[in-house]
1. Enumerate the helices (runs of 4 or more DSSP H) found wholly within the range 1-65, keeping only those where 2 or more residues are at pLDDT 95 or above and more than 12 Å from the chain's Cα centre (by Cα).
2. Which numbered condition in (1) open to solvent by less than 50 Å² (accessible area, probe 1.4 Å); (2) modelled with pLDDT of 85 or more is the only one that MET78 fails?
3. Mind counting the residues in the range 9-39 that are open to solvent by 40 Å² or more (accessible area, probe 1.4 Å), closer than 16 Å to ARG66 by Cα and of a type in the set (A, V, I, L, M, F, W, C)?
Amino acid sequence: LATIRSAQSRSGMEAAHTLKGAARAIGAWGVADAAEKVEHALSSAGAAQMAAPNPAPLAGLDELSRATDAARAAIALMARAA
């Protein structure tokens with residue numbers, strides 16, 4: 001998430017894509033869906049727009065943050081139960 005938040009459009013898009021794939025691999029569908037939205041938002045945002053001093057908030061980033069928090073909590077529960 002830190003990479004996605006701070007990255008320019010290309011590297012952020014790649015990080016979102018990687019997160020989407022990893023989430024799908026473990027069945028974290030909420031994370032995967034949210035990462036896909038962020039990936040699309042970054043792909044449609046121009047590099048100049050992302051490099052601006054105060055770029056607009058990235059669409060889907062709050063949703064992605066909530067989804068990753070939920071996934072981390074679920075994984076922690078499973079780890080404690082194991």
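The values are calculated or read from the model by the stated rules, or taken from the named source; none is laboratory data. It should be emphasised that the depicted structure is a prediction, and the values quoted were computed from it without experimental measurement. SASA here: full protein model, heavy atoms, side chains in, ligands and nucleic acids out. Shrake-Rupley method; radii C 1.70, N 1.55, O 1.52, S 1.80 Å.
1. 9-26
2. Checking MET78 against (1) open to solvent by less than 50 Å² (accessible area, probe 1.4 Å); (2) modelled with pLDDT of 85 or more, the one that fails is (1).
3. Total satisfying the criteria: 2.
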